[in-house]
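Undergrad: Could you have a look at this structure, given as structure tokens, before my questions?
Every number here is computed from the coordinates shown, using simple stated rules; none is lab data. The model shown is predicted, which means the values in this text are computed figures rather than measured ones. Neighbour counts are summed over all protein chains in view; Cβ atoms, including those assigned to glycine, are modelled from backbone coordinates with ideal geometry.
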Ligand code: NDP
Ligand code: MG
């Protein structure tokens, strides 16, 4: 059997390392074409020695010689910088590119991978938030498989397989509610990033873990849902489900609801994005209904968690506004992680950035890149 060749953008992160576990678990089906990291040279080298990809790229140029020397005895090409990733995707023969770089940095490699007709396994949600329209039109133009890895969107994708989208009444995006779900507003004024990093059900990278605590993650996912499936903001409901077992649901016009359930384990949606339209057996732990006695649901509290509504508003305004929301959020989350600002400064910085930066209704890619830069500078200035 010819193995599926996969390129992993962001192999040293939470999603990237779990994707490598998927490859290890099914090594007769999957092989790795390339790996990339931002600055974690040590882990990138370790992964490359184990998997012998055709190429690795380290973004941080200061780490290049270390990676190059450490792999010099192996038949692995070593590059550095973002442009090298784009150049390598241009010549790569891999079938699938997993996009597990966090934030805006995922955008340019995704656009190149679509143009080269790779299957896209998309973990990075910021790419669709920032440039959904451009990405969607390229996906249609090059007719590529564009499979979400985000657990909620993988769930929706699976619930919608074989269904008529016109018969969908409502999408119910589930959310764990994050580590501060039951905190009062007064308490939230004092919470630190270190407390947020103890997520109750998912073990994820730092940025998404803070987004999960503010509910901005769910807001970004509402926008992601819009671009992936074309549902209107009014059709997308958010429901807090702390156990993270139901990954999302679709309600149809006849009153039926389809849900996708599994252990909160990202290896499952990662593998599905590789195996679609098939399902491959694996050794991951399975859901046991006898342990699911207590599934609970509640409405999100928009007053304590204003980021969710900011994202709905950005989606309704459209144009470059979701790009502003994303850039301001990336800057604010970074500052919060460094203990430079408080929890409620995150929505403040996002709100002020959206109010300040000019709206562009039909932005070009260059205008989105400029919006991103301008917003980052503005957001830094109000920290
Ligand atoms: P991590 O922070 O754990 O990993 C990010 C990866 O991208 C690392 O390999 C990192 O390299 C690399 N990277 C970070 N910044 C840059 C940059 N500026 N340029 C190039 N490479 C960069 O993130 P996660 O794995 O948690 O998340 C990845 C994406 O997947 C995010 O968009 C997130 O929203 C999404 N996602 C994550 C989920 C999860 O469970 N973790 C669930 C659903 C979606 P290095 O290690 O060297 O810093
Ligand atoms: Mg998610």
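Undergrad: With a 10 Å radius around each residue's Cβ, average the other Cβ atoms per peptide and rank 49-55, 12-18, highest first.
TA: By packing density, highest mean first, the sequence is 12-18, 49-55.
Undergrad: Here's something else I'd like to know. Cα centroid distance between the range 103-175 and the range 319-335, in Å?
TA: 20 Å
Undergrad: Rg/Rh for the range 27-106 to two decimals, with Rh computed the Kirkwood way over all alpha-carbon pairs.
TA: Ratio value, two decimals: 0.93.
Undergrad: Ignoring everything except DSSP H segments at least 4 long, calculate the 222 nm mean residue ellipticity for the chain; use -39,500 (n - 2.57) per segment, divide by total residues, nearest 500.
TA: My calculation for the chain gives -13500 deg cm²/dmol from helical runs alone.
Undergrad: Please state, to two decimals, what the Cα-based radius of gyration of the range 222-296 comes to when divided by 2.2 N^0.38 Å (N = residues).
TA: Computed over Cα atoms of the range 222-296, the ratio equals 1.27.
Undergrad: Calculate the all-directions average of the projected area of the chain's alpha-carbon convex hull, and give it in nm². Display every interim value, and only then the final one.
TA: On the way: hull surface 75.9 nm².
Spelled out: convex hull of the Cα atoms, projected over all directions, averaged, 19.0 nm².
Undergrad: Equivalent-ellipsoid semi-axes (√(5λ), Cα gyration tensor) for the range 170-220, whole Å, largest first?
TA: Taking √(5λ) for each eigenvalue gives 19, 14, 9 Å, largest first.
Undergrad: In whole Å, what are the Cα extents of the range 107-163 along the three principal axes, biggest one first?
TA: Extents along the principal axes: 29, 22, 17 Å.
Undergrad: Below 8 Å between Cα atoms, with a sequence gap of 6+, how large is the relative contact order for the chain in percent?
TA: Relative contact order of the chain: 15 percent.
Undergrad: Next question, about the same structure. Compute the Rg to Rh ratio over the range 335-377 from the alpha carbon atoms, using the Kirkwood formula for Rh, and round to two decimal places. Walk me through the numbers before you get to the answer.
TA: Details: Rg = 12.6 Å, Rh = 11.7 Å.
Looking at the range 335-377, the ratio lands at 1.07.
Undergrad: Binned at 10 Å from 0, what are the whole-percent values of the Cα-Cα distance distribution for the range 123-201, short to long?
TA: All Cα pairs considered, the percentages come to 13, 31, 30, 19, 7, 0.
Undergrad: Could you tell me the center-to-center distance, by alpha carbons, between the range 219-272 and the range 16-88 in angstrom?
TA: 32 Å
Undergrad: Here is a follow-up. For q = 0.11 Å⁻¹, what log10 I(q)/I(0) does the range 224-347 give under the Debye formula with an equal point scatterer on each alpha carbon and no solvent?
TA: Listed by q, the Debye log ratios stand at -0.58.
Undergrad: Another one. In the chain, what % of DSSP beta bridges are antiparallel (nearest 5)?
TA: Here the share of antiparallel DSSP bridges comes out near 25 percent.
Undergrad: Now for a separate question. Given labels modelled 7 Å from the Cα in the Cβ direction, how far is it in nm from residue 82 to residue 345?
TA: Distance between the two pseudo-spin positions: 2.6 nm.
Undergrad: Starting with the highest mean, order 230-236, 279-285 by the number of other Cβ atoms within 10 Å, averaged over the residues of each peptide.
TA: 230-236, 279-285
Undergrad: Same structure, new question: Beyond 16 Å, what share of the Cα-Cα pairs of the range 70-190 remains, rounded to the nearest whole percent?
TA: The calculated P(r) of the range 70-190 puts 71 percent of pairs beyond 16 Å.
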